[in-house]
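The values are calculated or read from the model by the stated rules, or taken from the named source; none is laboratory data. Everything numeric in this text was worked out from a predicted model, so none of it was measured. Positions of Cβ are generated from backbone atoms using ideal geometry, with glycine treated the same way; all protein chains shown enter the neighbour counts. SASA here: full protein model, heavy atoms, side chains in, ligands and nucleic acids out. Shrake-Rupley method; radii C 1.70, N 1.55, O 1.52, S 1.80 Å.
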Amino acid sequence: MHSWTKLWCCTGLRLGSVVCPTAEHMRAIKKIQVPWSVNIVALAFLNAVVADQPYLQKTWQMTKTWRQQTIERLSERFPHWQFFGNRFLSWVWVDTKSEEEAQRAVDLAHAAGVPVRSGRPGYSLPTFVRLAVREPAKFDVLLEAWSAL
């Protein structure tokens, strides 16, 4: 199962894919799938972005570099934070070591218009946040928002 929303910066559309190892697994998933799991707006968006080869190539080439820069810059500012995830991933899990700091980080990010996910709901990781890997100029917006932490 993979979410494509971070790759294309479209968190509100909830696009993703599932690879099923067997036909039986596929039937089990389809049995619980909602009837309209992808709307027409999301399909139109998907149709356009998959054709944008230059964007995809640049993103795949730069993700490892931008991810490493993200972790380095956050480590400088927040040396007590711990970072998780493989180097090729388009997101970073961050353990802030504090429930209050994690919630404040989410609140500050959202106030700045940057989608950052709390680890509390759905993951039971109240000291964690998850952020998308972005080009440095976009990451700067988040880092500025977090200057109040």
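Is there a residue in segment 126-133 that is surrounded by 13 or more Cβ atoms within 10 Å (Cβ to Cβ), of a type in the set (D, E, K, R) and either assigned to a loop (DSSP other than H, G, I, E, B) or in contact with a Pro (Cβ under 8 Å, 6 or more places away or on another chain) (or both)? No, the conditions are met nowhere in segment 126-133.
Okay, residues lined up against (1) modelled with pLDDT under 95; (2) in contact with a Ser or Thr (Cβ under 8 Å, 6 or more places away or on another chain); (3) not charged (D, E, K, R):
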| residue | (1), (2), (3) |
| --- | --- |
| Glu72 | no, no, no |
| Phe88 | yes, yes, yes |
| Lys97 | no, yes, no |
| Leu108 | no, no, yes |
| Pro115 | yes, yes, yes |
| Thr127 | no, yes, yes |
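Taking (1) at pLDDT 85 or above; (2) outside any loop (DSSP other than H, G, I, E, B) in turn, Leu46 satisfies each apart from (1). Looking across segment 44-64, the residues that are open to solvent by 60 Å² or more (accessible area, probe 1.4 Å) and of a type in the set (S, T, N, Q) come down to Asn47, Gln53, Gln57, Gln61. Within segment 79-120, the set of residues being in a strand (DSSP E or B) and of a type in the set (D, E, K, R) comprises Asp95, Arg117. Of the candidates Ala148, Ala102, the single residue that is at pLDDT 95 or above and small (Gly, Ala, Ser) is Ala102. For segment 51-66, enumerate the residues that are hydrophobic (A, V, I, L, M, F, W, C) and either part of a helix (DSSP H, G or I) or under 19 Å from Ala132 (Cβ atoms) (or both). Once the filter is applied, which keeps residues that are hydrophobic (A, V, I, L, M, F, W, C) and either part of a helix (DSSP H, G or I) or under 19 Å from Ala132 (Cβ atoms) (or both), segment 51-66 yields Leu56, Trp60, Met62, Trp66. Within segment 91-125, the set of residues being of a type in the set (A, V, I, L, M), open to solvent by less than 40 Å² (accessible area, probe 1.4 Å) and either without any contact (Cβ under 8 Å) to a residue 40 or more places away in the chain or in contact with a strand residue (DSSP E or B) (Cβ under 6 Å, 6 or more places away or on another chain) (or both) comprises Val92, Val94, Ala102, Ala105, Val106, Ala109, Val114, Val116. In segment 54-70, of all residues being charged (D, E, K, R) and under 16 Å from the mean Cα position of the chain (by Cα), the one that is modelled with the highest pLDDT corresponds to Arg67.
Once segment 56-83 is narrowed to residues that are of a type in the set (Ser, Thr, Tyr) and touching a residue at least 24 places away in the same chain (Cβ under 8 Å), the residue that is farthest from Thr127 (Cα to Cα) is Thr59.
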